[in-house]
Amino acid sequence: MTATSTIPIPVSVTNPGQFFACCGLLELADRLWHGAEGWFQDNIFRLRAVTATKLTTESALFDAIVGCTVSNAMSQTQIDRLTNLSVMSKAGRERTVGLEEEKKALEKLRREEPILLGAPFHLRINWFHDENRGGNRFKTWAGQQSVIDIASSMKTALQSSDLQTRGPDNWFSYSAIDCGLPFNFDSDLGGQGSALDIGFSFDPLAGSAVTRIGSSARPFLELLAFVGLQRFRPRQIKNENRYLYCAWNHPLPPEIAAPAACGMLPLAGAPLYEFRLLYRTKYLKSFLPAIPFFGDSDE
């Protein structure tokens, strides 16, 4: 890889999940290589290191993502305490005042604490707690679902030998069966989210291997979009369930690409897209496909 070479990744820019996955990929590449730029060109996201070496390759980036640890911000003391309380019977905990409440509080921390990506990225992901800048509106999972479990499941699915033999052409299209609940950033998931969407329940079919219907997800897309939303946010059309993003068309580092991605940095010829959130329930959401944005009376 030379100083002018790039990693081309095919992308559907009308899939918000793929767009924000590209943003996440740029974020991690910049942290790994101490300088990276990315941009969209037609249906390709191009990624390159600012200073290329033998380590600034697609395989090095992929291996770093697969190899990093995923944890949450709980302390080891809190983790150990939750483990000890969990092995006790409920009756045993109830014999001591406060133990059951303490366990529930620690379980809430485990579900909701920020996510940490370990070396070489050292990234804290907490956008889903951000009420001031509206980051938490893109939280797609319900309160009783665990963000660490979802992130860990997507990360574990990346260790598939099948995926590791594929190049960037398949990073965002690779689909895994029964890899756990996704974040639902992938707008191609469509009706997989609930029995109401499909028209019948999967549960009666689960008792037999012949009739069981396995859910699928694109783990690389889901995990990278989760990462991307830490820095990159779409812009909301005021008082509407409509969100804008821009497929910026010039090589930019993440700190400049972030305002470009929400359309705050004018770039000639860079297309704008809008998408909506699908509210499956009061708490469960998913990203819908985007359409080109040509302006609005209030924009």
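The values are calculated or read from the model by the stated rules, or taken from the named source; none is laboratory data. Just so it is clear, the structure is predicted and the values come from calculations on it, not from any experiment. Cβ atoms come from the backbone with ideal geometry, glycine included; neighbour counts cover every protein chain shown.
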Is one or more of the residues making up the stretch 271-281 exposed (fewer than 14 other Cβ atoms within 10 Å of the Cβ), modelled with pLDDT under 95, of a type in the set (Phe, Trp, Tyr) and in contact with a Lys or Arg (Cβ under 7 Å, 6 or more places away or on another chain)? yes
Name the residue, out of Arg111, Arg46, that is under 18 Å from the mean Cα position of the chain (by Cα), within 21 Å of Phe226 (Cα to Cα) and not aromatic (Phe, Trp, Tyr). Arg111
Report yes if some residue within the stretch 18-31 is aliphatic (A, V, I, L, M) and surrounded by fewer than 20 Cβ atoms within 10 Å (Cβ to Cβ); otherwise report no. no
Single unsatisfied condition, His250 versus (1) in contact with a strand residue (DSSP E or B) (Cβ under 6 Å, 6 or more places away or on another chain); (2) surrounded by 19 or more Cβ atoms within 10 Å (Cβ to Cβ): (2)
Test: residue in the stretch 90-98 that is surrounded by 14 or more Cβ atoms within 10 Å (Cβ to Cβ) and under 30 Å from Val147 (Cβ atoms): yes
For the stretch 35-52, name all the residues that are assigned to a loop (DSSP other than H, G, I, E, B) and among the charged types (D, E, K, R). Asp42
Per the list (1) closer than 17 Å to Ala151 by Cα; (2) polar (S, T, N, Q); (3) part of a helix (DSSP H, G or I), residue check on Ser59 breaks on (1)
Per the filter on the stretch 247-266, residues in a loop (DSSP other than H, G, I, E, B) and farther than 17 Å from Gln18 by Cα are His250, Pro251, Pro253, Gly263, Met264, Leu265, Pro266
Name the pairs whose Cβ atoms lie under 6 Å apart, with the first residue in the stretch 224-242 and free of Cβ contacts under 8 Å to residues at least 24 places away in the same chain, the second in a loop (DSSP other than H, G, I, E, B) and among the charged types (D, E, K, R), and 6 or more positions between them or separate chains? none
Subset of the stretch 101-127 (residues that are free of Cβ contacts under 8 Å to residues at least 24 places away in the same chain and either within 18 Å of Ala258 (Cβ to Cβ) or crowded, with 16+ Cβ neighbours inside 10 Å (or both)): Lys103
For Ala225, state whether it is under 19 Å from the mean Cα position of the chain (by Cα) and closer than 30 Å to Cys68 by Cα. yes
